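One structure, pasted below without further comment.
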């Protein structure tokens, strides 16, 4: 599994960080998402899928 973020689409809503803090963070300077784990383990898939679903700007995606 690979996690990707579209920084141009990101509006810094922080929903991803709340859903999966192990995988996402927010850059203090840009207020944009930072993917801390680009290839996380399957054990985090549920949290990542929740982050993708909860992103209002649709800036996140998972590829297998």
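Once label points are set 7 Å from the Cα along Cα→Cβ at both residue 25 and residue 62, what is their separation, rounded to one decimal in nm?
2.3
Calculated from DSSP H runs of 4 or more alone, at -39500 (n - 2.57) each and per residue, what is the 222 nm mean residue ellipticity of the chain, nearest 500?
-6000 deg cm²/dmol, from helical runs alone.
Right, something else. If I build a Gaussian network model for the chain, linking alpha-carbon pairs within less than 10 angstrom, which residue out of 51, 20, 38 has the largest mean-square fluctuation?
Checking each option, the largest mean-square fluctuation is seen for 38.
Using Cα-Cα distances under 8 Å and only pairs 6 or more residues apart, what relative contact order does region 2-63 have, in percent? Numbers along the way, then the final one.
On the way: 106 pairs, mean separation 28.9, N = 62.
Once divided by the residue count of region 2-63, the mean separation gives 47 percent.
Read-outs: derived from the displayed coordinates by stated rules, not from any lab. Predicted, not measured: the structure shown is a model, and the values here were computed from it. Here Cβ is always computed from backbone atoms with ideal geometry, including for glycine, and neighbour counts include all displayed protein chains.
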